[in-house]
2 protein chains.
Amino acid sequence: MGGDVKADRLDRVSRATYHHGALREELITASIALIESDGIGAVSLRRVAREAGVSPGAPYHHFEDRAALLNAVAARGYAALLEEARAAHAAAGSPVEAIGAMVETYVRFSRAHPAYAQLMYRPELSEPAKDPATEALAQAAIQLLTETVLACQASGGAPAGDPAPLVTMIWSICAGLAMLSVDGPLEQMTAARGSTIPELTGQVSALLQVMLVGSAA
Amino acid sequence: MGGDVKADRLDRVSRATYHHGALREELITASIALIESDGIGAVSLRRVAREAGVSPGAPYHHFEDRAALLNAVAARGYAALLEEARAAHAAAGSPVEAIGAMVETYVRFSRAHPAYAQLMYRPELSEPAKDPATEALAQAAIQLLTETVLACQASGGAPAGDPAPLVTMIWSICAGLAMLSVDGPLEQMTAARGSTIPELTGQVSALLQVMLVGSAA
DNA sequence: GGTCCAATCTAAACGGTGTTCAGAATCTAA
DNA sequence: TTAGATTCTGAACACCGTTTAGATTGGACC
């Protein structure tokens, strides 16, 4: 509030106990709620603190800074996404189908949890040097995808050779498709065609599988 | 600065003329320079104004708000990218090669102009309801890609049928690859493999072409 | 029980931000 | 030359992230 002469106005609502008890958790859930209702721009540390009925300085006992809080939220998103991807992978009948299922899962998740999506694909918002937990999650996701690609190649469901380009390509499709479907442009395109995003996503997934199998020979 | 009792400190450096003359342009270039040197977080309207030697209120005669300024910068990026994509398209020997070239161009551009890239793939930073010029550029880019895909299909270089899924997939690869290569994760992956991003991008592009042709039958 | 320490929270402050507004300075057209 | 529109200034308002000293509390040890 700057060098105001009079003090900051009342920043919190009164609470029965001096100690909050589970502030860290409530800060995270309040952030998610705020992103979901008013967009990521509405998430200020002060506002989150207000929402939790706590003074502006309190969050600093649980998070180093604003970025760390957003990081924690993003980490939660990564964990949930990885879980869903694993489930989709397990439910698929073949490695090729698993790849298609993972792409669709990626998009479905991003659309179902826009709050997470807005954070996860924008590392500069949850800077500085992602915490190790997030890093481990990302690593696990890449590994899951790499294993699936290898299985595809082994079963003749994908072009042979170095799996890295294939992994990168599929990863890009996931990230790009999720981003475009959350940010708007795809919405607009499907609407113009009298289609829907889930529909288009399914078609992209099917096409990808066709192309994988078709070029395996 | 809040309701400080004493006035804000000097916010601008003196200038010979009262009117700036080309403020709108200088605000845009100053923004680009700022993003390039200190990241997008460093771009505040006040700082840009200071950089241009102008008071904090002056930019509001040229841009409705901060988002509008960022939007103008992003529009410039879109225009430059479209131009490069068109050049790559024209230089390619076949429609399939053109698609590969466009993917590589997309990534190269994003890496060469991180300032633009940081804005272009994050519409929520340059909100509200993109101006018509930007919209037209995006539309032109989609059309260019769609035409190329149709040419591919006509020449037996891509699976036949509705071009929309193919367009969406390629678009996603471009956006995803560009995003991942700018934001870090790809950098890290290539480094671990003793490779580079341009190299990997080239491999992805080549793989995409192989898959397109291979699954055309 | 009491004592002491570490963790938590408050209140105030500092400097920064976006945005608005009245009024001064200047350009433009008549 | 004058009138009106444009551009810019300077001050103000309400926010923001972050730091700090000091109050309050929980838990461990006696």
Condition first: modelled with pLDDT of 90 or more and among the β-branched types (V, I, T). Can you find one or more residues in segment A:125-138 that meet it?
no
Segment A:55-84 residues that are within 14 Å of DNA strand C (Cβ to nearest atom), paired with ones that are outside any helix (DSSP H, G or I) (beta carbon under 6 Å, 6 or more apart):
A:S55/A:D11; A:S55/A:R12; A:P56/A:D11; A:L69/A:F63
Filtering segment A:129-144 down to residues that are assigned to a helix (DSSP H, G or I) and open to solvent by 70 Å² or more (accessible area, probe 1.4 Å), which residue is farthest from the other protein chains (Cβ to nearest Cβ)?
A:P132
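For every residue, the table says whether it meets (1) assigned by TED's automatic domain parsing to the domain that holds B:S172; (2) at pLDDT 95 or above.
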{"position": "B:L45", "(1), (2)": "no, yes"}
{"position": "B:R50", "(1), (2)": "no, yes"}
{"position": "B:V54", "(1), (2)": "no, yes"}
{"position": "B:G57", "(1), (2)": "no, yes"}
{"position": "B:A68", "(1), (2)": "no, no"}
{"position": "B:A79", "(1), (2)": "yes, no"}
{"position": "B:G93", "(1), (2)": "yes, no"}
{"position": "B:V96", "(1), (2)": "yes, yes"}
Would segment A:197-206 turn up any residue that is more than 9 Å from chain B (Cβ to nearest Cβ), more than 22 Å from the chain's Cα centre (by Cα) and under 23 Å from B:G100 (Cα atoms)?
no
Scan segment A:80-94 for residues that are part of a helix (DSSP H, G or I), open to solvent by less than 40 Å² (accessible area, probe 1.4 Å) and either farther than 19 Å from A:L34 by Cβ or within 16 Å of DNA strand D (Cβ to nearest atom) (or both) and report the count.
4
Of the conditions (1) surrounded by 15 or more Cβ atoms within 10 Å (Cβ to Cβ); (2) more than 7 Å from chain A (Cβ to nearest Cβ), the single one that B:L177 does not satisfy is (2)
How many residues of segment B:50-66 are part of a helix (DSSP H, G or I) and either more than 16 Å from DNA strand D (Cβ to nearest atom) or surrounded by 16 or more Cβ atoms within 10 Å (Cβ to Cβ) (or both)? The answer is 5
For A:E147, the lone unmet condition from (1) open to solvent by less than 40 Å² (accessible area, probe 1.4 Å); (2) part of a helix (DSSP H, G or I); (3) at pLDDT 90 or above is (1)
For B:R122, indicate whether it is under 15 Å from the mean Cα position of the chain (by Cα), open to solvent by 60 Å² or more (accessible area, probe 1.4 Å) and of a type outside the set (G, A, S).
no
Looking at segment B:160-196, which of its residues are aliphatic (A, V, I, L, M), more than 19 Å from the chain's Cα centre (by Cα) and within 18 Å of A:I197 (Cα to Cα)?
B:A164, B:L166
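The values are calculated or read from the model by the stated rules, or taken from the named source; none is laboratory data. Since the structure is predicted, the reported quantities are computational estimates derived from the model, not experimental observations. As a convention, Cβ positions derive from the backbone with ideal geometry for all residues, glycine included, and neighbour counts pool all protein chains shown. Quick note on the areas: whole protein, heavy atoms, side chains included, nothing else; ligands and nucleic acids left out. Shrake-Rupley method; radii C 1.70, N 1.55, O 1.52, S 1.80 Å.
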